[in-house]
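Trainee: Pasting in a structure now, in structure tokens, and then I'll have a few things to ask.
Rule-based calculations on the coordinates, nothing more; no lab input. Everything quoted here is computed from the prediction, not taken from an experiment. With ideal geometry, Cβ positions are generated from the backbone for all residues, glycine too; neighbour counts draw on all protein chains shown.
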Amino acid sequence: MTLAGGLAARGQAQHPLARYRSEFPIFRERVYLNTCSLGALGERTRRKVAEFLDLWQSRGASAWYDVWWAALSDLRARYAAVIGAAPAEIALAPSISAAVSTVAAALDYTTRPKVVVTSLDFPTIAYQWLAKVRRGIEVVVVESPDGVTVPVDAIARVVDDRTALVATSHVYFTSGAIQDIRAVAALAHARGALSLVDAYQSVGQVPVDAHAAGVDFLTAGGLKWLLGGTGIVFLYVREELARRLEPTIAGWFGHRQQFAFDPHALEFHDDARRFELGTPALAAIYAQLGGLEYIEEIGVPAIRQVTASLTEDLIARARAAGFAPKVAAEAAARSAIVMLPMSDPAAAVRHLAEGGVVADARPGHVRLSPFFYNVQDDHVTAIDRLTTHRGH
Ligand SMILES: Cc1ncc(COP(=O)(O)O)c(C=O)c1O
């Protein structure tokens with residue numbers, strides 16, 4: 001999109017996905033530019049949760065054995081489809097932290113005590129292994145030279161034959177930059193290490209093909225770009241590893257014969273379900289099934305096309321208003337997260353909120369993130385409002 005096109009006046013022709021906006025009631029009251037914190041609630045998602053509540057009310061536990069059990073496999077299969085994986089490579093988990101913990105508890109650190117992360121990753125990734133330092137785990141944090149991205153070469157330099165895992169992000173949460181996860185997986189494998197990708201900020205807004213990327217583990221979920229809300233994520237485990245790795249934390253959902261209730265022996269599922277622990281939160285499962293209806297109907301490539309152009313529009317408007325967005329140098333490496341450096345971001349976010357704009361603060365920055373339900377007018381409103389804050 002050209003700058004002139006990006007800066008068209010209010011009321012310009014909308015992009016084709018703007019028709020979904022009416023299904024997200026928050027836009028009747030507010031300008032929502034915070035999908036990277038929490039995706040907006042759509043009517044289909046609300047209806048799906050209501051369906052769960054109706055079942056619970058009318059059938060109680062009897063709904064487990066047909067409908068709810070089927071909902072779990074349905075969700076595994078649909079998560080798999082979004083990232084080009086097989087259903088048997090998907091485990092459900094309640095949070096990224098929990099999913100990553102199960103991986104951390106399955107690795108053998110005897111001759112490879114080192115885990116490599118980057119300074120731009122969401123810190124819950126590093127915390128899994130920092131918590132194990134007293135057991136001999138070494139955590140190496142590769143620093144970002146610019147706060148936007150981490151060069152693959154810098155990661156490669158610290159990965160060696162003592163490295164068990166390289167764990168990093170697909171999209172960095174405080175810059176929106178897209179990391180080359182294929183290159184990361186390749187450099188890990190070249191030294192006999194495994195790779196884990198936190199794709200919470202990418203799956204749903206940026207196409208992901210787990211097999212083509214060659215990663216060993218990948219985790220993402222409902223909260224943000226898959227419009228499923230809190231409490232439901234997935235862990236992708238490459239098929240061969242899903243059959244072979246033995247987690248050292250376990251629960252009955254990981255047991256091959258869960259309903260035998262035999263405490264004498266633990267027989268893992270022969271697929272990624274061995275990484276599952278206890279009873280999942282069904283309301284969250286249903287919310288995610290509802291959110292996925294949007295993602296599947298539109299398709300991630302079409303979403304990416306619209307959000308990439310919205311992102312460029314937002315950056316151009318911010319620059320035109322005198323801000324200096326901190327984003328990747330190349331448009332192709334940008335996702336729909338735009339960081340605006342501000343001296344008091346929390347105050348700026350409050351000022352935005354008073355003007356009906358929902359955004360977020362991260363250290364030193366206001367974070368804005370458009371999705372397919374946003375339109376350029378949202379950017380006009382948000383940037384105008386921020387401009388009045390700067391004068392205060
Ligand atoms: C990239 C990324 N990973 C992980 C998390 C949080 O994960 P958890 O599900 O453990 O709260 C966030 C933010 O919520 C995130 O942006």
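Trainee: Would you mind listing the helices (runs of 4 or more DSSP H) fully within segment 26-107 where at least 3 residues are touching a Phe, Trp or Tyr at 6+ places or on another chain (Cβ under 7 Å), within 24 Å of GLU240 (Cα to Cα) and within 16 Å of the ligand (Cβ to nearest atom)?
Mentor: Output list reads 96-104.
Trainee: I would also like to ask the following. Could you tell me how many of the residues in segment 362-392 are surrounded by 19 or more Cβ atoms within 10 Å (Cβ to Cβ) and part of a strand (DSSP E or B)?
Mentor: 5
Trainee: Here is a follow-up. Can you tell me which residue in segment 108-127 is nearest to the ligand (Cβ to nearest atom), limited to those that are in a helix (DSSP H, G or I) and surrounded by fewer than 23 Cβ atoms within 10 Å (Cβ to Cβ)?
Mentor: So, considering only residues that are in a helix (DSSP H, G or I) and surrounded by fewer than 23 Cβ atoms within 10 Å (Cβ to Cβ), the one nearest to the ligand (Cβ to nearest atom) is THR124.
Trainee: If you don't mind, there's one more thing I want to ask. Mind telling me which of the residues GLY176, GLY147 ends up being within 16 Å of the ligand (Cβ to nearest atom) and over 14 Å from the mean Cα position of the chain (by Cα)?
Mentor: Exactly one of GLY176, GLY147 is within 16 Å of the ligand (Cβ to nearest atom) and over 14 Å from the mean Cα position of the chain (by Cα), namely GLY147.
Trainee: For GLU354, only one of the following conditions fails: (1) at negative phi; (2) without any contact (Cβ under 8 Å) to a residue 40 or more places away in the chain; (3) touching a strand residue (DSSP E or B) at 6+ places or on another chain (Cβ under 9 Å); (4) not β-branched (Val, Ile, Thr). What is its number?
Mentor: Among (1) at negative phi; (2) without any contact (Cβ under 8 Å) to a residue 40 or more places away in the chain; (3) touching a strand residue (DSSP E or B) at 6+ places or on another chain (Cβ under 9 Å); (4) not β-branched (Val, Ile, Thr), GLU354 violates only (3).
Trainee: Same structure, new question: Give me a count of the residues in segment 149-169 that are under 20 Å from VAL133 (Cβ atoms) and in a strand (DSSP E or B).
Mentor: Count: 6.
Trainee: Identify, please: which residue in segment 342-361 is not in a helix (DSSP H, G or I) and not aliphatic (A, V, I, L, M) and is, among those, surrounded by the most Cβ atoms within 10 Å (Cβ to Cβ)?
Mentor: Here the answer is ASP360.
Trainee: Tally time: how many residues in segment 206-225 are in a loop (DSSP other than H, G, I, E, B), within 12 Å of the ligand (Cβ to nearest atom) and closer than 17 Å to ALA177 by Cα?
Mentor: Matching residues across segment 206-225 total 2.
Trainee: Residue check: is PRO263 within 25 Å of the chain's Cα centre (by Cα), surrounded by fewer than 23 Cβ atoms within 10 Å (Cβ to Cβ) and not polar (S, T, N, Q)?
Mentor: For PRO263, the condition - within 25 Å of the chain's Cα centre (by Cα), surrounded by fewer than 23 Cβ atoms within 10 Å (Cβ to Cβ) and not polar (S, T, N, Q) - is not met.
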